[in-house]
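Here the structure is laid out as structure tokens; the discussion comes afterwards.
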Amino acid sequence: MRKLAIGVAVSGALALTGLIAPAASAADTPELVFSGVTVNGGKAIVAGTTATVKVPVTYTLARPAGLTIDYKTDIAGVLLYRGTLKSLDNEVEPETVPTCTTTATTDTTVTASCKETLTIDPQDSFYEAADATTWQAAGFYSQIDQDDDGSDGHIHFGYSFDVWGPLGGVQIKRAAKLTADASPEPVKKGRTITVTGTLSRADWANSKYTGYASQKATLQFRAKGSTTYSTVKTVTSGTGGALRTTTTAAKDGYYRYVFAGTSTTGAATAAGDYVDVR
């Protein structure tokens, strides 16, 4: 698991915890309750190869009234993970402190409504095609006990980490790109127009876009002066994601391809390419 960014000042702290940090016992674990977790407004997270993606997360957190979470030595929040809690295949942690507003208080419990933002850098967070799947949300609490003043011949670093999940899933998808080129331009009315294009999607293993073959894309047309596209036909992408089809020139207008997306890949729409029909 990578270093938690919130309030952790010791470089590589988590890398050492498996060697030197004692595991917290169940009796030492505060009773935190995370509920109502919503990631990205309930929509899929779509990531390309380089641009960071800001993912909003909201949740309710109930904590013991006597527990102070200062985000320096005590940290709580929501993370995303792939795999199981016992064996994480990948995870994304928050890098900023959440904003929590107290909504209810009793003698024993404080309940707050919290908001946080997960910043996803595809080059740092995603490593393979298998990352395009359903991830789970989990609440976490970590506690740091640190004395790095070695002047007395002694240093100490203690760390505990508790996770509760799964608390609901969110789909993470590879971003897609789509192009369209209609020719010839101009063209005589009644002649054949050829519309080519390429469907590609993010390849996280290589940080580039690669062709997406055997996928359905819709060819659409919008007449000059209109604001509405209509479907012409459906085309299947070939080798390297290539798209190619023909249609009859009837009037001036724009041609584009539209890809609806899949369970692992986001939707994409090409820019319309104008053809002058004479």
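Would you point out the residue of the stretch 150-198, among those that are in the same structural domain as Arg63 (by TED's automatic domain parsing) and among the acidic types (Asp, Glu), that is nearest to the chain's Cα centre (by Cα)?
Out of the qualifying residues, it is Asp162.
Working only within the stretch 150-161, note down all residues that are touching a strand residue (DSSP E or B) at 6+ places or on another chain (Cβ under 8 Å) and not in a strand (DSSP E or B).
Hits for the stretch 150-161 are His154, Ile155.
What about Phe259, is it more than 14 Å from Leu178 (Cβ to Cβ), modelled with pLDDT of 95 or more, surrounded by 19 or more Cβ atoms within 10 Å (Cβ to Cβ) and not assigned by TED's automatic domain parsing to the domain that holds Thr52?
Against the criterion (more than 14 Å from Leu178 (Cβ to Cβ), modelled with pLDDT of 95 or more, surrounded by 19 or more Cβ atoms within 10 Å (Cβ to Cβ) and not assigned by TED's automatic domain parsing to the domain that holds Thr52), Phe259 does not qualify.
Is it fair to say Asp124 is surrounded by fewer than 14 Cβ atoms within 10 Å (Cβ to Cβ) and assigned to a strand (DSSP E or B)?
no
Residue under question is Asp107, and the condition is that it be closer than 18 Å to Gln143 by Cβ and outside any strand (DSSP E or B); does it hold?
no
So which residues in the stretch 156-185 are modelled with pLDDT under 95 and more than 30 Å from Val33 (Cβ to Cβ), if there are any at all?
Passing the criteria: His156, Glu185.
If we scan the stretch 28-43, do we find a residue that is more than 21 Å from Pro166 (Cα to Cα) and modelled with pLDDT of 50 or more?
Yes, the stretch 28-43 has at least one match.
List every residue pair whose Cβ atoms sit under 9 Å apart, with the two residues 6 or more apart in sequence or on different chains, where the first one lies in the stretch 132-154 and is closer than 27 Å to Thr29 by Cα and the second, anywhere, is basic (Lys, Arg).
From residues that are closer than 27 Å to Thr29 by Cα, the pairs are Trp135/Arg82; Gln136/Arg82; Tyr141/Arg63; Ile144/Lys72.
Spot the failing condition for Tyr59; the list is (1) modelled with pLDDT of 95 or more; (2) loosely packed, with under 12 Cβ neighbours inside 10 Å; (3) not hydrophobic (A, V, I, L, M, F, W, C), and only one is missed.
Condition (2) is where Tyr59 drops out.
Show me the strands (runs of 3 or more DSSP E) entirely contained within the stretch 162-278 in which 2 or more residues are closer than 29 Å to Val92 by Cβ.
169-174, 176-178, 192-203, 208-211
The values are calculated or read from the model by the stated rules, or taken from the named source; none is laboratory data. These numbers come from a predicted model, not from an experiment. Because the Cβ atoms are built from the backbone with ideal geometry, glycine has one as well, and the counts that use them run over all protein chains shown.
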